[in-house]
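Quick one: this structure, given as structure tokens, is what I'll be asking you about.
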Amino acid sequence: MMRIDCPHCGPRAQSEFGYERTLDSIVTLDMPADEAMARLYARANPRGLDDELWRHGLGCRQWIVLRRHRVTHEIVGVAAFDPAILS
Amino acid sequence: MTRYSALALLRAGLTGQRHWPRAWRDPSPRPNYEVIVIGGGGHGLATAYYLAKVHGIRNVAVLERGWIGGGNTGRNTTIVRSNYRLPALHNLFDFALGLWEGMSDELNYNVMFSPRGALFLGHSDADMTALAQRGDALRCDGIDAELMTANQLRELVPLLDMSPAARFPIHGGLMQPRGGTARHDAVAWGYARAADRLGVDIIQNCEVTGFTVAGGRVTGVETTRGAIGAGRVGICVAGNSGPVAALAGIRLPIEAQTLQAFVTEPVKPMIDTVIMSQSLHCYISQSDKGGIVLGGDPDQFPSYAQRGLPPRIAQAAAEAIALVPALSRLRMVRCWAGTTDMSFDGSPIISALPVDGLYLNGGWCYGGFKATPGSGYTYAHLLATGAAHPLAAPFALDRFATGATIDETGVGFMPQFH
């Protein structure tokens, strides 16, 4: 069980949150098809740290960015989602 | 090697059953193999067995980081069935089911395959419509599927809560009589012993740490026990598909996630079929030892932890008790987790990779155990001939680029929702 420190709500149980996708798999509207395909379907899937997009669905319903270790589940960074990523 | 039989058992009884030889050798890696299979789970061992048995390729090594069958092969809920809705899936899984039926004889190893029937429950009119459609699709391809009414289920599984006030009302179900369970560890051991007998080297405690590639073609692997050359290399490592493919610089449409299973204290026989609810993702069966084996939802975020979240334990117990109230009196004695290789359409990938001579069998999500013999058979075909077995052809890696995904649940490319 993880405790996630939501930048908007403070520390909450992981069960309030839903994983969306990795940060490097976000596709923008003007992205070339090849790059969009690679982002949609090819994942690094590391046994280590990765940046992930989560949503606080049972809280503030905002997207947040977690930097999380996939073996230990340690969360080394939490940040509010920056919409600039989408452009 | 001793052939297992009643006579051999009697004979060994004369010396107190103390002198059985080891079931497979413990060889050191040779410098070169024709084919190397990475991963000594059920799928990898089956692949090596069929390479030797069907294709006559005996210069084969199976490299296992830990001990054979120590990953998902020993962590699943042991259910075997082939009742998928989509033809590409049910044809592959039913081919596997046919191999299950003859496996104990073929391997001379009792895998305790028990075709006790695999039952899907329907909890609403919509569920029953979907189950009827699924059953029709199966029967069109000659696969057994019987739509059952609520009254029939009452007789088949008297302990189900069929009352109108039930938390999850039961309207009926879809039964696959040929489905059932098998002894998961025995599958790994049986394939290991049979493959070893045909000359395959099973090398445990040997982790692959890199690939050697020359001129765009794989020429071998680097391991913790030294470099080993190979003509062809097949990756077959389930949850670790991503990290192993990354050693060759390849990114896959796979995310690793955690799936838990649970077992209660053993009791006398109370459930003699496999009960599944696709709507709840709840799986209930009774092992031959008597424990009630429960399966539930994956944790739905990437993880290699091999341990699951406590809320899933509560959820699985609550759902199972809602379906079979008598289970509330049992104590749960163990829970464990495996790392599932969740593909982006929920279907496996049996395919060549962009590096010549390198192949992948992975992405089985949480449904790989039942496919073990079919997965091994079709992967051996690919490794031996370089061409996909017709049953595995739809499961090529390029289906994501061409849009020919095989999405049984119809939820799109989000691996956590399959």
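Cβ-Cβ under 9 Å, sequence separation 6+ or interchain: first residue in segment B:300-321 and open to solvent by 20 Å² or more (accessible area, probe 1.4 Å), partner modelled with pLDDT of 90 or more and assigned to a helix (DSSP H, G or I). Which pairs?
Cβ pairs passing all conditions: B:GLN306/B:GLY239; B:PRO311/A:GLN14; B:PRO311/A:SER15; B:ALA317/B:LEU327; B:ALA317/B:SER328; B:ILE321/B:LEU327; B:ILE321/B:SER328.
Of all the strands (runs of 3 or more DSSP E) wholly in segment B:112-183, which have at least 3 residues that are open to solvent by 40 Å² or more (accessible area, probe 1.4 Å) and not basic (Lys, Arg)?
Details: elements: B:118-122, B:146-149, B:172-176.
So the answer is B:146-149.
Looking only at segment A:41-69, which residues are open to solvent by 40 Å² or more (accessible area, probe 1.4 Å) and at the interface with chain B (Cβ under 8 Å from one of its Cβ atoms)?
A:TYR41, A:ARG47
Right, next: Just give me the residues in segment B:395-407 being of a type outside the set (Gly, Ala, Ser) and open to solvent by 50 Å² or more (accessible area, probe 1.4 Å), in sequence order.
Of the residues in segment B:395-407, the ones of a type outside the set (Gly, Ala, Ser) are B:395, B:397-400, B:402, B:405-407.
Answer for segment B:395-407, where residues must be of a type outside the set (Gly, Ala, Ser) and open to solvent by 50 Å² or more (accessible area, probe 1.4 Å): B:ASP398, B:THR402, B:THR405.
Looking at the structure I just gave you, is B:THR258 closer than 21 Å to B:ILE79 by Cα, touching a Pro at 6+ places or on another chain (Cβ under 7 Å) and of a type in the set (S, T, N, Q)?
Numbers: closer than 21 Å to B:ILE79 by Cα: yes; touching a Pro at 6+ places or on another chain (Cβ under 7 Å): yes; of a type in the set (S, T, N, Q): yes.
Judged against the criteria, B:THR258 is a match.
Also: Report, by residue number, each residue of segment B:187-210 that is surrounded by fewer than 19 Cβ atoms within 10 Å (Cβ to Cβ) and touching a residue at least 40 places away in the same chain (Cβ under 8 Å).
Just the residues of segment B:187-210 that are surrounded by fewer than 19 Cβ atoms within 10 Å (Cβ to Cβ), to begin with: B:197-199, B:204-205, B:207, B:209-210.
Scanning segment B:187-210 gives B:ARG197, B:LEU198, B:GLY199, B:GLN204, B:ASN205, B:GLU207.
For (1) closer than 17 Å to B:VAL233 by Cβ; (2) out of contact with any Phe, Trp or Tyr (no Cβ under 7 Å at 6 or more places or on another chain), each residue gets a yes or a no:
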| site | (1), (2) |
| --- | --- |
| B:SER343 | no, yes |
| B:SER347 | no, no |
| B:LEU383 | yes, no |
| B:HIS389 | no, yes |
| B:ALA393 | no, yes |
| B:ALA396 | no, yes |
| B:ALA401 | no, yes |
| B:ASP407 | no, yes |
| B:PHE417 | no, yes |
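Kindly list the number of the only condition in (1) touching a residue at least 60 places away in the same chain (Cβ under 8 Å); (2) open to solvent by less than 10 Å² (accessible area, probe 1.4 Å); (3) not basic (Lys, Arg) that fails for B:ILE350.
Failed condition: (1).
Still on this structure, please answer the following. So B:PRO27 ticks every box in (1) modelled with pLDDT of 95 or more; (2) farther than 23 Å from B:GLY199 by Cβ but one. Which box is left unticked?
Among (1) modelled with pLDDT of 95 or more; (2) farther than 23 Å from B:GLY199 by Cβ, B:PRO27 violates only (2).
Let me ask another. Which of the residues that make up segment B:369-389 are in contact with a helix residue (DSSP H, G or I) (Cβ under 9 Å, 6 or more places away or on another chain), surrounded by fewer than 24 Cβ atoms within 10 Å (Cβ to Cβ) and small (Gly, Ala, Ser)?
Once the filter is applied, which keeps residues that are in contact with a helix residue (DSSP H, G or I) (Cβ under 9 Å, 6 or more places away or on another chain), surrounded by fewer than 24 Cβ atoms within 10 Å (Cβ to Cβ) and small (Gly, Ala, Ser), segment B:369-389 yields B:ALA384, B:ALA387, B:ALA388.
Going residue by residue through segment B:192-207, is there one that turns out to be small (Gly, Ala, Ser), farther than 30 Å from B:GLN278 by Cα, within 14 Å of chain A (Cβ to nearest Cβ) and not in a strand (DSSP E or B)?
Going residue by residue through segment B:192-207, those that are small (Gly, Ala, Ser) are B:192, B:194-195, B:199.
Going one step further and asking which of them are farther than 30 Å from B:GLN278 by Cα, we end up with B:192, B:194-195, B:199.
If we keep only those that are within 14 Å of chain A (Cβ to nearest Cβ) as well, we get none.
So far as segment B:192-207 goes, no, none of its residues is small (Gly, Ala, Ser), farther than 30 Å from B:GLN278 by Cα, within 14 Å of chain A (Cβ to nearest Cβ) and not in a strand (DSSP E or B).
Would you tally the residues in segment B:220-249 being among the hydrophobic types (A, V, I, L, M, F, W, C), within 14 Å of chain A (Cβ to nearest Cβ) and within 24 Å of the chain's Cα centre (by Cα)?
The first filter runs over segment B:220-249 and keeps only residues among the hydrophobic types (A, V, I, L, M, F, W, C), leaving B:221, B:227-228, B:230, B:233, B:235-238, B:244-248.
Add one more test, that the residue is within 14 Å of chain A (Cβ to nearest Cβ), and what stays is B:235, B:237-238, B:244-248.
The next check asks that each one be within 24 Å of the chain's Cα centre (by Cα); those that pass are B:235, B:237-238, B:244-246.
Here the count works out to 6.
Scan segment A:12-65 residue by residue and report those that are farther than 21 Å from B:ALA246 by Cβ, in contact with an Asp or Glu (Cβ under 7 Å, 6 or more places away or on another chain) and β-branched (Val, Ile, Thr).
A:VAL65
All but one of (1) open to solvent by 10 Å² or more (accessible area, probe 1.4 Å); (2) within 14 Å of another protein chain (Cβ to nearest Cβ) hold for B:ARG329, so report the exception by its number.
Just one mismatch for B:ARG329, condition (2).
List the number of the failed condition for B:ALA392; all other conditions in (1) open to solvent by 10 Å² or more (accessible area, probe 1.4 Å); (2) modelled with pLDDT of 95 or more; (3) away from chain A (no Cβ under 14 Å) hold.
Just one mismatch for B:ALA392, condition (1).
In this structure, is B:SER279 within 23 Å of B:MET112 (Cβ to Cβ), surrounded by fewer than 19 Cβ atoms within 10 Å (Cβ to Cβ) and in contact (Cβ under 8 Å) with a residue 40 or more places away in the chain? It would help to see each step written out before you state the result.
Details: within 23 Å of B:MET112 (Cβ to Cβ): no; surrounded by fewer than 19 Cβ atoms within 10 Å (Cβ to Cβ): yes; in contact (Cβ under 8 Å) with a residue 40 or more places away in the chain: yes.
Spelling it out, it is not the case that B:SER279 is within 23 Å of B:MET112 (Cβ to Cβ), surrounded by fewer than 19 Cβ atoms within 10 Å (Cβ to Cβ) and in contact (Cβ under 8 Å) with a residue 40 or more places away in the chain.
Something else: Please go through segment B:8-47 and pick out each residue that is of a type in the set (Phe, Trp, Tyr) and either in contact with a strand residue (DSSP E or B) (Cβ under 9 Å, 6 or more places away or on another chain) or closer than 17 Å to B:LEU358 by Cα (or both).
Quick first cut of segment B:8-47, residues of a type in the set (Phe, Trp, Tyr) only: B:20, B:24, B:33.
Within segment B:8-47, B:TRP24, B:TYR33 qualify.
Can you confirm whether segment A:12-32 contains a residue that is polar (S, T, N, Q), open to solvent by 30 Å² or more (accessible area, probe 1.4 Å) and more than 8 Å from chain B (Cβ to nearest Cβ)? It would help to see each step written out before you state the result.
First, pick out the residues of segment A:12-32 that are polar (S, T, N, Q): A:14-15, A:22, A:25, A:28.
Now drop any that are not open to solvent by 30 Å² or more (accessible area, probe 1.4 Å), which leaves A:15.
Imposing the further condition that a residue be more than 8 Å from chain B (Cβ to nearest Cβ) reduces the set to none.
No, segment A:12-32 has no match at all.
The values are calculated or read from the model by the stated rules, or taken from the named source; none is laboratory data. From a predicted model like this one, the values you see are computed outputs, not experimental measurements. Cβ atoms come from the backbone with ideal geometry, glycine included; neighbour counts cover every protein chain shown. Side chains are part of the model used for accessible areas, which takes the heavy atoms of the whole protein and leaves out ligands, DNA and RNA. Shrake-Rupley method; radii C 1.70, N 1.55, O 1.52, S 1.80 Å.
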